[in-house]
Amino acid sequence: MSETLKKGVPSSPFEWLFVGGPPCQPFSIAANQRFAKGGENFKRTGFAHPKNGNLLFDFVRLITEFQPRAFIIENVPGLRDLDGGEQLSAAVCSLQSAGYTVEQPVILDASHFGIAQQRKRLFVVGNSLGLPFSRPTPASRVVGAGSVRKLCTAAAPNDETREHKAESILRYQKLDYGQRDQLGRVDRLHPSLPSKTVIAGGTNGGGRSHLHPEIPRTLSVRESARLQTFPDEYVFIGSTARQFTQVGNAVPPVLAAQLGIAVKNSYF
């Protein structure tokens, strides 16, 4: 192994793609809206977060060292808005100084790309060839959250449902499509409209789930994964709480595929 590789720097540029999503919780509005800003549970500390706040710059360092032909940085829109864009601009300037053409950060809503969920994510795309980026084309129709009801020929994995108290079920039964249960802070899905954002959480809280459009209960991991466009054969492991976290932290595969195709067509 060469000395440069031992130091983590390749002897020649990496000819493919780097994709990274530094942890979004320090920048997320949704992940912290349940807590008072001055409370100890409030985590929207941004770049001051002691563990995750500066991983963006660690990823920038990896890009400049390994010199991939192209890169994608993904995060929540709060990465741009938290400090007026100052830190994100500093990251972009570092990449430009390293010879990259960096597109203006773009916010894409998953519901505009054939996904049954309102989910906004920020993407920063760049390349070392000096080429422009052609964004993916939005879909011509909206997909409703009724897709969680898809029939299966056999039981799908991760489809266990949470038990609810009788009083909760009675409240849920009274809700119309799209209405919110104020006590549990959960929304009944509208079968013809995209859901709200699927948030990482668990059976004992930590995130906002959604209510099934027809059955008075919250969604299973599998149903949440369908809103995220994971195929039914994709299996999540670990405790149920960790399965919800894996689903809620992910970029919807259908959106990721469209972005990947756009990068391929632009730079490869």
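The values are calculated or read from the model by the stated rules, or taken from the named source; none is laboratory data. The shown structure was predicted, so the numbers you read here are calculated from the model rather than taken from an experiment. Neighbour counts are summed over all protein chains in view; Cβ atoms, including those assigned to glycine, are modelled from backbone coordinates with ideal geometry.
Residue under question is S140, and the condition is that it be within 20 Å of R222 (Cβ to Cβ) and either at pLDDT 95 or above or among the small types (G, A, S) (or both); does it hold? In short, no. For Q179, the conditions (1) over 24 Å from I107 (Cβ atoms); (2) under 22 Å from the mean Cα position of the chain (by Cα) all hold with the exception of (2). When the residues of the range 148-184 are narrowed to those that are part of a loop (DSSP other than H, G, I, E, B) and among the basic types (K, R), which ends up surrounded by the most Cβ atoms within 10 Å (Cβ to Cβ)? Out of the qualifying residues, it is R162. Under the condition of being among the small types (G, A, S) and either in a strand (DSSP E or B) or touching a Ser or Thr at 6+ places or on another chain (Cβ under 7 Å) (or both), the residues counted in the range 70-93 number 2.
If we keep just the residues of the range 121-147 that are touching a Leu at 6+ places or on another chain (Cβ under 7 Å) and within 18 Å of A262 (Cβ to Cβ), which is surrounded by the fewest Cβ atoms within 10 Å (Cβ to Cβ)? Across the range 121-147, the extreme among qualifying residues is P136. The numbered conditions (1) touching a residue at least 60 places away in the same chain (Cβ under 8 Å); (2) buried (at least 22 other Cβ atoms within 10 Å of the Cβ) are all true for G248 except (1). Which of the residues spanning the range 126-147 are outside any loop (DSSP other than H, G, I, E, B) and either assigned by TED's automatic domain parsing to the domain that holds E223 or over 30 Å from A91 (Cβ atoms) (or both)? Residues satisfying the conditions are A145, G146, S147. Restricting attention to the range 224-244, the residues that are surrounded by 20 or more Cβ atoms within 10 Å (Cβ to Cβ) and assigned to a helix (DSSP H, G or I) add up to 6.
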